[in-house]
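None of the figures in this text is laboratory data; all of them are computed from the coordinates on show. Owing to the predicted nature of the structure, the values given are computational and were not obtained by experimental measurement. Ideal geometry is used to build each Cβ from the backbone, glycine not excepted, and the neighbour counts take in all protein chains shown.
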Amino acid sequence: MAPPNTRYYLGFNLVPGVGPARLARLIAHCGSVEAAWRADDLDLVMAGLDARSSAALRSARAQLDLDAELERADRAGVALLSIEDPAYPALLRAAPGAPPLIYVRGSLALADAWAVAVVGTRSPTSYGREVAHRLSHDLAQRGVTVVSGLAIGVDSVAHAAALEAGGRTVAVLGSGVDLPYPERNRAMAERIIAQGALVSDYPLGTRPVAMNFPPRNRLISGMSLGTVVVEAGERSGALITVEFALEQGRDVFAVPGHIFSRQSAGTHRLLRDGATLVTCAGDILEGLNLTDAAVQHEARAELPTDPIELAMIELLGYEPQHIDGLGRAAGMPPAQVAAALAILELKGLVRQVGPMEYVRRH
C-alpha cells in the first residue's frame, strides 16, 4: 500500500502548471503536502502561485477523486512513488528538480543504485549499433543497470543488450507507463517490466507527443550515475540528456566515431568539451568507480546485516575515522571491527580512504 501522502502528490501531478519548484514552495509554506493540497487562497498567494496555477489547483480539487485515481493505477499494475517514499530512486531524489511523483511498471531495486544511461541517435550506423550493444551487454553483465528511453535506435539496442545479458534495464518514457512508445517496442517493454521497469512522471493515459520527450531526458540522466553517448548528431536529443546530466553533476562519457560521420559530430564535440572517452565498458566502470559493482550486488544479497555492522554504519560519517577510534567507541576489539568493516566495504557501504581510516559511502 502506498504511503498516505502519495494521494496528494498524485493529485498535484494532475494539476497543470504546478511543477516541482512551485509544489516545493507550496509545501514549504504550508508545512506538508496534505496541507498544501488543502491550502486556501491566501496560502496559495503567499506561496507564490500565480492566478492561473491557483485556479487550476482549485479546479482539480473540485473534480478529482483521488481514491479513484489510486485505484486506477493499482488496476493498471502501476506503482506510485512520491519523493517522500523510501523506494523512490535515491539518485533521482538527489537531482535538482526531481519529479515529486513517478509512475513505475515493473520494479525498481537496490541494484539500480548502480545505473548508467546509454543514449544516442535514432538512426545509428552499424558501428553505432554494435558499440551500443557491446557496452550495454557488458555493463549489464557486470551488475550495472542500463537506463535509456525505449526509442528506436541506440536506446532500443541498449535495452535489448541488457535483457540479453540477463541484467536489469530501466526505460524512461515520454508518455504514460500504460502507453509505451513506440508501438513497435511494446514487446520489448513487456520484457523490460520483467527485468526492470518502465518509469515516467507523466500521468497515466498521457500520449507520446513530441514536446514530452526532451523533459523526460532529465529522468534518464537523473536515475544514472553517468550518461554514455554512443552516436549523436549536432542536434541529437541525446545531447539534451547530456545537458541535464551536467546540471545534475553527473559524469558524461562519449564514444568516438568516424571523423566523417554526421552521427558522430555531437559525440566528437562532447569529447572536445571534456567528456570521458569510451572504448569499452571498463572505461565507464573505472570512471564511475564501479569495477566491483557485481561483487557488491552479490555481497548485499548474501551477507546479512548484523548488529556489529549496524554499529559501524551508525558510527561512521563522511569524515575519515581510524579503526582504533571506532573500536573504542563501539567497545569492540580491533579484529572484530576490522572484519565488520571489510564486509561493509565489500557491500559498498563504506570505503577505506587512508591507512586504517574509513568513511561512509554516500
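Before moving on, here are some points about what is shown:
- Overall, the ratio between the Cα radius of gyration of the stretch 110-291 and 2.2 N^0.38 Å, rounded to two decimals, is 0.92.
- When the square roots of the Cα gyration tensor eigenvalues are ordered a ≥ b ≥ c, the ratio a/c for the stretch 303-360 is under 1.5, which makes its shape rounded.
- Long-range HN-HN contacts of residue 252 with modeled amide H, under 5 Å: 227, 276
- Residues 46, 223, 211, ranked from the fewest to the most other C-beta atoms within 10 Å, line up as 211, 46, 223.
- If the convex hull is drawn through the Cα atoms of the stretch 193-346, its volume per residue in Å³: 178
- Length-normalised contact order of the chain in % [C-alpha pairs under 8 Å, at least 6 apart]: 12
- Distance between modelled label sites at residue 70 and residue 338, nm, 7 Å Cα→Cβ extension: 5.3
- Residue of 167, 19, 48 that the Gaussian network model of the chain assigns the largest fluctuation, springs spanning Cα pairs under 10 Å: 48
- The stretch 157-199 versus the stretch 343-362: alpha-carbon centroid distance in Å: 34
- Loop-located trypsin sites (Lys or Arg not before Pro) in the stretch 26-85, at most 13 other Cβ atoms within 10 Å (DSSP): 38
- Between the amide H of residue 114 and those of 145, distances stay under 5 Å, these residues lying 5 or more places away or on another chain, with hydrogens modeled in the peptide plane.
- Förster-model FRET efficiency, 51 Å R0, residue 313 and residue 260, C-beta, rounded to 0.05: 0.45
- Highest-MSF residue in the chain out of 68, 87, 171 [GNM, Cα springs under 10 Å]: 68
- The stretch 1-101 shape via C-alpha gyration tensor axes, a/c threshold 1.5: oblate
- Computed [θ] at 222 nm, deg cm²/dmol, the chain (DSSP H ≥ 4; -39,500 (n - 2.57); rounded to nearest 500): -13500 deg cm²/dmol
- Note on the stretch 136-233: percent of Cα-Cα distances in each 5 Å bin, starting at 0 and stopping at the bin with the largest distance, equals 2, 15, 26, 27, 19, 8, 2, 0.
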